[in-house]
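Engineer: Could you have a look at this structure, given as structure tokens, before my questions?
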Amino acid sequence: MTFQDLKITAPILKALAAEGYTHPTPIQQQAIPILLRKRDLLGCAQTGTGKTAAFAIPILQHLHLDQRRETNRRKIRALVVTPTRELAIQIDESFTAYGRFTSIRNTVIFGGVKQGTQVQALQRGVDVLIATPGRLLDLMNQGIITLKDIEYFVLDEADQMLDMGFIHDIRKIIARLPEQRQSLFFSATLPPESLKLSQKILGNPEKVTIKPEQTTAEKVQQSVYFVEKKSKAKLLVHLLQTEAIDSALVFSRTKHGANKIVKLLGRAGIQSNAIHGNKSQTARQKALSSFKSGQTNVLVATDIAARGIDVEELSHVVNYDLPNVPETYVHRIGRTGRAGASGIALSFCDAEEKAYLRDIQRTINQKIPVADDHPFLGSNTESIAGSQPSTPQANSRTKSTENASVSVKSKKPRHPYWKKRRPQK
Ligand code: AMP
């Protein structure tokens, strides 16, 4: 199936071609025809499935084919509400990309920054608004935004929205929407609370459910190590010295970070090489062949440099830094466990990365077991380990991390190092 088959209008087709999209993803194949018929939609899909384009394309098409300019001022005709600033920015960028050959205008608003620039953009006039709930309500209350002209409403990542306690804000927003509208509701899962919310928003929706690709994530043995940022290098050395690691591809978020890891490993007597964009092609090739031949057992790489690296029989992937894009995690861990081999992926998570971990677990629809038998458990571990379900695990080394970023209620010691380290804090 192609986008032409979905009857997408020429300027949007051109933009999709420019994005390099050749074929619609499964959710796009199913959702776009429904949305072009102006039906309400209940979409069970996660980030990474192409769901943003699945709703952005039909909304842009409706707005493009039905342009209204009775007055000089544009009215906000489409509203997308999403829980986080990062998602809001991503969605805004998608609307900009897919709508670039139309005259539809979009903007994004979110909290945590001054409102001035956002208000100016709104005052210039937009057709599509992407917003996080708090800032949206705030600007509505100031009389800067009205929802009375909304024809298309999208509630994105509904379950995350409920998890984050946005239910009251959402209710207030819904109450201000016109009755006559097309509504779209996206959620990765549909627990009773999400279902109830969807029923409040949607009329008689059509449903689309898309399961993400989980094959890689399922066959790789994963674990997460909670550790303070400053102890990550020590933990890496500890693992390389104590675990049976034949070969490890270590991922660093930055080039500078990759160099630093190599240096710190060197100090501990562990030889490694880094590959990243600042290294010459020759240096990269040399590092790679030394790793492939088994001369060095550790290769430290950034995501871009690691693209295209195919190392047979790679035993371990180490996420020294967790990626902020969940799909990157799946790509990284997919480097091990190739061709039926069982691979191992170890991820380090510091306090600032807890949100990334949560996104990753959502995307792979799996809880990554926690390895808590290491000597570098950080102070951030309290909020994570303390929120673990108390059900016994099959593997005594690991605990599940469902509520990775939820704060603690119980302060029970969780591991042998806890007592030893606690008095020093
Ligand atoms: P989303 O699930 O909306 O976050 O999309 C995940 C990623 O897939 C984004 O980077 C999109 O740019 C990309 N994407 C969406 N639709 C397509 C498509 N039809 N072909 C290729 N990439 C796509």
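Engineer: What order do you get for 252-261, 200-209 when each peptide is scored by the mean count of other beta carbon atoms within 10 Å, highest first?
Structural biologist: 252-261, 200-209
Engineer: Next question. Where in segment 1-87 are there GluC sites (Glu not before Pro) that are in a DSSP coil and have at most 15 other Cβ atoms within 10 angstrom of their Cβ?
Structural biologist: Counting only loop positions with at most 15 other Cβ atoms within 10 Å, the GluC sites (Glu not before Pro) in segment 1-87 are Glu70.
Engineer: Short version: ³J(HN,Hα) in whole Hz for each residue of segment 166-180, in order, from phi by Karplus 6.51 cos²θ - 1.76 cosθ + 1.60 (θ = phi - 60°), x for Gly and Pro, what are they?
Structural biologist: Per-residue couplings from phi come out as 8, 4, 5, 4, 4, 4, 5, 5, 4, 4, 9, 7, x, 4, 7 Hz.
Engineer: What distance in nm lies between label points placed 7 Å from Cα along the C-beta direction at Val237 and Lys148?
Structural biologist: Between Val237 and Lys148, the label points sit 6.7 nm apart.
Engineer: Quick one: if the Förster radius is 35 Å, what FRET efficiency do Leu264 and Asn204 give, using the C-beta to C-beta distance and rounding to 0.05?
Structural biologist: 0.05
Engineer: Next question, about the same structure. If amide H atoms are built 1.01 Å from N in the plane of the peptide, which residues on other chains or at least 5 residues away come under 5 Å of the amide H of Ser347?
Structural biologist: Ser223, Val224, Tyr225, Asn319
Engineer: Still on this model: For Ala274, list long-range residues whose amide hydrogen, built 1.01 Å from N in the peptide plane, is under 5 Å from its own amide hydrogen.
Structural biologist: Val300
Engineer: Just the number please: accessible area per residue for segment 4-209, 1.4 Å probe, all protein chains included, in Å².
Structural biologist: Accessible area per residue: 45 Å².
Engineer: In addition: At what distance in nm do the modelled label points of Gln90 and Lys286 sit from each other, each positioned 7 Å from its Cα along Cα→Cβ?
Structural biologist: So the label points at Gln90 and Lys286 sit 3.9 nm apart.
The values are calculated or read from the model by the stated rules, or taken from the named source; none is laboratory data. Note that the structure is a prediction, hence the values are computed from the model and not measured. Note that we place each Cβ from the backbone using ideal geometry, even for glycine, and neighbour counts take in every protein chain shown. Calculation scope for accessible area: heavy atoms of the full protein, side chains included, ligands and nucleic acids excluded. Shrake-Rupley method; radii C 1.70, N 1.55, O 1.52, S 1.80 Å.
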